[in-house]
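Chemist: Structure incoming, see below.
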Amino acid sequence: MKFSFANPSRIVFGQGQIAALAGLVPAGARVLLMYGGGSIKRNGVWEQVRAALGERVVVEFAGVEVNPDVSTLDRAVALAKAEGLDYVLAVGGGSVIDGAKYVAAAACYDGEGWDILTHRHVPQAALPLGVVLTLAATGSESNVNSVVSRRATGEKLAFASEHVYPRFAVLDPSVLASLPDRQLVNGLADAFVHVCEQYLTRPGQTPVQTGYAEVLLNTLHDLAQRFDMRREPEWLESLMWSANQALNGLIGQGVVQDWATHRIGHEFTARYGLDHARTLTLVQPALLRETLPEKQARLERMGARVFGLTGEGEQLARGTIVALEAFYRALGLPVCLRDTDIEDVDCASHILEALKQHNMLPLGESGCIDAERAARILADACR
């Protein structure tokens, strides 16, 4: 096992911590304040943020969509350049944070920002970025990843850069209390699959990472079992911290990672607008059935240690997939196309073609999912 790991994002966790912005954002900063549809003005977060920023120059940019569109974000880039802004503060969930990362990088680039997503340009710098998290799901508040859509062409692409690591992230679990159930469920599922992408792979000599991944999976499974307590402070704290730990880089160190479920899921969101988390639960069971020979050992372990199943061998591994589907269904999440509102008889072929166009194949931790296997996964998921 070899790796080099550093996560420079400072986490400020707990109720009332938004006030800490006063000491986290430099006193002379000219701040681009980015947020989404305006819920932060209804739940009191905006007032807390503005009070903490005090007399700093603040220019607001509202309206960052779920699955942020590059055309929206490019307006924010232009605003930052025109106003000479030198600090980005993202107040929101994964979409706002991912969008802010793009803006921070594109503001330091003279070319077309989409070049960053197509990897024609590798960011060499970015504006400093801070986060106030209002939705627990993606872990984007303390990682280098960003996913941006271009709806005009039906694309959803990702980039990663050390330059867009948030300098800090304020995590106040109490802000989750006002979220609708759908967003809490989505966040729980997103975090669960994030762990799976780093856990349901080839077994390796990483007992600490494996053990911590199982702690997170069990915590998230327990939260789902106790969903009726979702407005309790302890439940919200556990969700927010688990989602952060699922994708802050720690459990993936020295681990062969997968991410095939995410890459296929991105194509569903780009084409049909389905919630990101719901694309993951739609794709994952079918993908696990197809790749059972490669993932059997870890599926057996997950069945025993997360779902409390008994038995051994292929029967236990298949039982784990059944238990996983039941886990998702109990939360009202889709596990196949008929569980959604998508009505496209050619869905499987459309998604496969998009994967080919975006050069996503082969997929999987060992590159075992070629076009033929991807077609079988999609035929299963799109039933």
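Read the figures in this text as sums done on the coordinates, not as results from a lab. Because the structure is a prediction, the values reported are computed rather than measured. For neighbour counting, all protein chains shown are included, and Cβ atoms are generated from backbone atoms with ideal geometry for every residue, glycine included.
Chemist: Any idea what the dipole of the chain comes to, in debye rounded to 20, about its Cα centre with Lys/Arg Cβ at +1 and Asp/Glu Cβ at -1?
Modeler: The dipole of the chain has a size of about 360 debye.
Chemist: Take the Cα gyration tensor of the chain, multiply each eigenvalue by 5, square-root it, and list the three semi-axes largest first, rounded to whole angstrom.
Modeler: Values for the chain, descending: 34, 24, 19 Å.
Chemist: Straight-line reach from K81: which lysines have a Cα under 18 Å away, not including same-chain ones fewer than 8 places off?
Modeler: Excluding near neighbours in sequence, the set is K101.
Chemist: Moving to a separate point now. So if a site counts as exposed when it's one of the GluC sites (Glu not before Pro), its DSSP state isn't H, G, I, E or B, and it has at most 12 other Cβ atoms within 10 Å, what's the longest stretch of the chain without one?
Modeler: Segment 56-311 is the longest.
Chemist: Per-residue ellipticity at 222 nm for the chain, helices alone: DSSP H runs ≥ 4 residues times -39500 (n - 2.57), over residue total, nearest 500 deg cm²/dmol?
Modeler: -15000 deg cm²/dmol
Chemist: If you don't mind, there's one more thing I want to ask. Quick one: helix 207-225 against the long Cα principal axis of the chain, what's the angle to the nearest 10°, folded into 0 to 90?
Modeler: In the chain, helix 207-225 runs at an angle near 90 degrees to the longest axis.
Chemist: May I have the pair-distance distribution P(r) for region 317-383, computed from all Cα-Cα distances with 5 Å bins from 0 and rounded to whole percent?
Modeler: 4, 15, 20, 20, 20, 16, 5, 0
Chemist: Under a 10 Å cutoff between Cα atoms, tell me which one of Q209, Q225, Q198 has the largest fluctuation in the Gaussian network model of the chain.
Modeler: Comparing Q209, Q225, Q198 in the GNM, the peak value goes to Q225.
Chemist: Still on this structure, please answer the following. Residue-wise, which Karplus ³J(HN,Hα) couplings in Hz belong to region 181-197, taking 6.51 cos²θ - 1.76 cosθ + 1.60, θ = phi - 60°, and x for glycine or proline?
Modeler: 4, 4, 6, 5, 4, 4, x, 4, 5, 4, 4, 4, 6, 4, 5, 4, 5
Chemist: Using only Cα atoms, tell me the angle between helix 233-246 and the longest principal axis of the chain; keep it within 0 to 90° and round to the nearest 10.
Modeler: The two axes meet at around 80 degrees.
Chemist: Once you keep just the Cα pairs under 8 angstrom separated by 6 or more residues, what percentage relative contact order results for the chain?
Modeler: Computed over the chain, the figure is 15 percent.
Chemist: Which trypsin sites (Lys or Arg not before Pro) in region 95-179 pass both tests, a DSSP loop state and at most 11 other beta-carbon atoms within 10 Å?
Modeler: Listed in order of number, the matching sites are R120.
Chemist: Take every DSSP beta bridge with both residues inside region 10-175 and express the antiparallel ones as a percent of the total, to the nearest 5.
Modeler: 20
Chemist: Continuing with the same structure: Per residue, how much space in cubic angstrom lies within the convex hull of the C-alpha atoms of region 10-175?
Modeler: 96
Chemist: If you take every DSSP beta bridge fully contained in the chain, what fraction is antiparallel? Give it as a percent rounded to 5.
Modeler: Expressed as a percentage, antiparallel bridges in the chain total about 25.
Chemist: Once amide H atoms are built 1.01 Å from N in the peptide plane, which residues 5 or more positions from D172, or in another chain, come under 5 Å H to H?
Modeler: Sorted by chain and number, the residues that satisfy this are G14, L133.
Chemist: Going toward the positive end of the dipole of the chain, with +1 on Lys and Arg Cβ and -1 on Asp and Glu Cβ, which of V185, A22, G319 do you reach last?
Modeler: A22
Chemist: Can you tell me how much longer the chain between R150 and M1 gets when fully stretched, taken as 0.36 nm per residue apart minus their C-alpha distance, in nm with one decimal?
Modeler: Result for the pair: 49.8 nm of gain on full extension.
Chemist: So how far apart, in nm, are the two label points at A19 and S71 if each is 7 Å from Cα heading toward Cβ?
Modeler: Each label point is offset 7 Å from its Cα along the Cβ direction, giving 4.4 nm.
Chemist: Any idea what angle helix 313-330 forms with the longest principal axis of the chain, computed on alpha-carbon atoms, 0 to 90 degrees, nearest 10?
Modeler: With both axes taken from Cα atoms, the answer is about 50 degrees.
Chemist: What is the gain in length, in nm to one decimal, between Q357 and A379 on full extension, counting 0.36 nm per residue of separation less the C-alpha to C-alpha distance?
Modeler: Going from the current span to full extension adds 6.1 nm.
Chemist: Convert each backbone phi in region 44-54 into a coupling constant with the Karplus relation 6.51 cos²θ - 1.76 cosθ + 1.60 (shift: θ = phi - 60°), then list the ³J(HN,Hα) values in order as whole Hz, x for Gly and Pro.
Modeler: Those phi angles translate into x, 5, 4, 4, 5, 5, 5, 5, 5, 6, x Hz.
Chemist: Tell me the net charge near A246. Cut-off is 13 Å between Cβ atoms, A246 excluded, with +1 for each Lys or Arg and -1 for each Asp or Glu.
Modeler: Result for the local shell: -4.
Chemist: Could you compute how fast region 180-381 diffuses translationally, taking Rh as the Kirkwood radius over C-alpha pairs and applying Stokes-Einstein at 25 °C with viscosity 0.890 mPa s? Give it in µm² per second. Could the numbers behind the result be given before it?
Modeler: Details: Rh = 17.1 Å.
It diffuses with D of about 143 µm²/s by this estimate.
Chemist: Cross-link candidates for K356: which lysines have Cα within less than 26 Å, leaving aside residues fewer than 8 places away along the same chain?
Modeler: Here the lysines satisfying the reach criterion relative to K356 are K156, K295.
Chemist: How long is the gain from E232 to K81 if the chain were fully straight, where each residue apart is worth 0.36 nm and the alpha carbon distance is subtracted?
Modeler: That works out to 50.1 nm of additional length.
Chemist: Still on this model: Give a quick list of trypsin sites (Lys or Arg not before Pro) in region 1-85 that DSSP marks as loop, anything other than H, G, I, E or B, with at most 12 other Cβ atoms within 10 Å.
Modeler: K2, R42
Chemist: Still on this structure, please answer the following. Below 8 Å between Cα atoms, with a sequence gap of 6+, how large is the relative contact order for region 180-381 in percent?
Modeler: 24
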